[in-house]
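Report on the structure given below.
The values are calculated or read from the model by the stated rules, or taken from the named source; none is laboratory data. Here the structure is a predicted model, which is why all the values come from computation and not from measurement. Here the Cβ is made from the backbone with ideal geometry for all residues, glycine too, and neighbour counts use every protein chain on show. Calculation scope for accessible area: heavy atoms of the full protein, side chains included, ligands and nucleic acids excluded. Shrake-Rupley method; radii C 1.70, N 1.55, O 1.52, S 1.80 Å.
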Amino acid sequence: MRRKIILDVDTGIDDSLALLYLLASAEAELLGIAATAGNVPAAQVAANTLALLDLAQAPPIEVALGASEPLAIPLRTTEDTHGPQGLGYAELPVTARELSARSAARMWVDLVRAHPGAVTGLCTGPLTNLALALRIEPELPVLLDRLVIMGGAFNHPGNTTPTNEWNIHVDPEAAKEVFDAFSAAPADRRPIVCALDITETIEMRPAHLVALAEAAGSTPLEHVAATDTPDWRSCASNPIIAYLTDAVRFYFDFHQHYDLGYLAHMHDPFAAAVTLDPGLARTRPATVDVELAGTITRATTVADWAGMWGREPNADIVIGTDPAVFFDRLVTRVGALARRLYPEQP
Ligand code: BDR
Ligand code: CA
């Protein structure tokens with residue numbers, strides 16, 4: 001049986017790979033996609049997501065627009081990380097696909113109520129719309145089969161402030177509402193949390209783009225490098241490979257700019273892979289809370305691993321994985337999708 005999924009994204013370069021990974025995976029059934037403000041404004045997230053569905057020749061999948069602002073603070077976006085439109089150097093044609101008539105929060109609630117106990121939520125952006133959905137339906141933690149969150153940093157530095165991970169930083173009030181809502185969830189319903197501790201070990205490199213092109217049968221094989229100028233664009237014969245090359249190359253440049261090497265952390269696709277196969281991750285239960293008051297630590301995620309607060313665990317935090325297994329799946333699945341959708345002409 002296929003896993004029913006609601007994807008909540010702020011597309012976003014790595015969000016786009018998460019989407020392609022799900023579309024390339026036979027065991028995933030995407031019920032709906034929530035477009036959440038984060039990396040870029042919500043309307044741009046929605047436009048990017050719809051355009052990607054076109055690129056992947058996906059069947060009609062509902063895309064619902066999320067709130068334009070976080071719960072309590074103004075929106076901060078990060079075009080320097082993800083490019084002017086959020087897709088790096090890539091530009092996709094405008095799509096004829098239309099947005100859903102209902103809001104992202106409404107879609108969350110309606111879809112989960114329609115399939116009680118059978119939906120897995122995957123959040124790869126700020127938690128604004130899930131928090132709004134929880135205000136409508138506080139039973140979501142027990143109505144969902146499982147929730148997977150990309151967010152937070154525990155025994156690890158932040159990527160936005162010294163202690164903040166981006167998705168939590170954008171809307172810390174929403175993150176707190178979500179973690180609080182799961183405080184009474186049974187152990188098998190606790191959110192699986194893919195934080196920076198683990199997602200920064202998921203290092204995509206130029207060789208992975210080459211492997212994707214090979215798997216897709218795309219030509220020529222392009223070896224992108226830090227010396228490429230910003231105006232260089234992929235000539236890959238396969239449109240999905242051309243997209244990935246132009247999008248991910250921007251992410252490589254961004255990481256290189258911050259002295260992290262010519263690589264890119266694939267936070268969101270890893271969370272997608274864990275959603276389909278939790279066995280990919282070793283987890284440890286903890287009680288997670290979000291600091292809202294600290295003058296220099298606001299939006300920090302804190303994990304109580306030892307029960308010092310006397311509160312039940314509300315999260316299973318990923319503490320280990322084998323990145324090579326993940327990349328093997330990414331290359332095999334997305335490469336095969338690209339080859340099937342855009343076969344080379346003899
Ligand atoms: C997260 O922040 C975003 O920029 C990425 O898409 C990812 O979801 C990593 O901190
Ligand atoms: Ca994201």
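Within the stretch 297-331, if we keep just the residues that are in contact (Cβ under 8 Å) with a residue 60 or more places away in the chain and in a loop (DSSP other than H, G, I, E, B), the residue that is nearest to Val142 (Cα to Cα) turns out to be Asn314. When Val224 is tested against (1) hydrophobic (A, V, I, L, M, F, W, C); (2) part of a helix (DSSP H, G or I); (3) open to solvent by less than 50 Å² (accessible area, probe 1.4 Å); (4) away from ligand 2 (no atom under 16 Å from the Cβ), exactly one condition is not met: (2). Considering the stretch 248-286, and only residues there that are more than 15 Å from the chain's Cα centre (by Cα) and hydrophobic (A, V, I, L, M, F, W, C), the residue that is nearest to ligand 1 (Cβ to nearest atom) turns out to be Phe254.
Criterion applied to Leu52, Leu7 was being within 14 Å of ligand 2 (Cβ to nearest atom) and part of a helix (DSSP H, G or I), and the one residue passing it is Leu52. Tell me, please, whether a residue that is within 16 Å of ligand 1 (Cβ to nearest atom) and within 20 Å of Leu140 (Cβ to Cβ) can be found in the stretch 69-76. The answer is yes; a qualifying residue exists. Among residues belonging to the stretch 123-176 that are in a strand (DSSP E or B) and open to solvent by less than 10 Å² (accessible area, probe 1.4 Å), point out the one that is nearest to Ala46 (Cα to Cα). It comes out as Cys123. Determine which single condition Pro186 fails, assuming it passes every other condition in (1) within 16 Å of ligand 1 (Cβ to nearest atom); (2) open to solvent by 40 Å² or more (accessible area, probe 1.4 Å). Failed condition: (1).
Every residue, every condition in (1) without any contact (Cβ under 8 Å) to a residue 60 or more places away in the chain; (2) surrounded by fewer than 16 Cβ atoms within 10 Å (Cβ to Cβ); (3) within 30 Å of Leu263 (Cβ to Cβ); (4) of a type in the set (Phe, Trp, Tyr), yes or no:
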{"site": "Ala58", "(1), (2), (3), (4)": "yes, no, yes, no"}
{"site": "Ala67", "(1), (2), (3), (4)": "no, no, no, no"}
{"site": "Leu71", "(1), (2), (3), (4)": "no, no, no, no"}
{"site": "His82", "(1), (2), (3), (4)": "no, no, yes, no"}
{"site": "Val112", "(1), (2), (3), (4)": "no, no, no, no"}
{"site": "Gly121", "(1), (2), (3), (4)": "no, no, yes, no"}
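Asp110 - would you say it is farther than 18 Å from Asp171 by Cβ, out of contact with any Leu (no Cβ under 8 Å at 6 or more places or on another chain) and of a type in the set (Asp, Glu)? For Asp110, the condition - farther than 18 Å from Asp171 by Cβ, out of contact with any Leu (no Cβ under 8 Å at 6 or more places or on another chain) and of a type in the set (Asp, Glu) - is met. Listed conditions (1) surrounded by 18 or more Cβ atoms within 10 Å (Cβ to Cβ); (2) in contact with a helix residue (DSSP H, G or I) (Cβ under 7 Å, 6 or more places away or on another chain); (3) within 30 Å of Arg339 (Cα to Cα) are all met by Leu50, apart from (2). Go through the stretch 253-281 and give me each residue that's more than 20 Å from Tyr21 (Cβ to Cβ) and either open to solvent by 50 Å² or more (accessible area, probe 1.4 Å) or among the polar types (S, T, N, Q) (or both). Residues satisfying the conditions are Gln256, His257, Tyr258, Asp259, Leu260.
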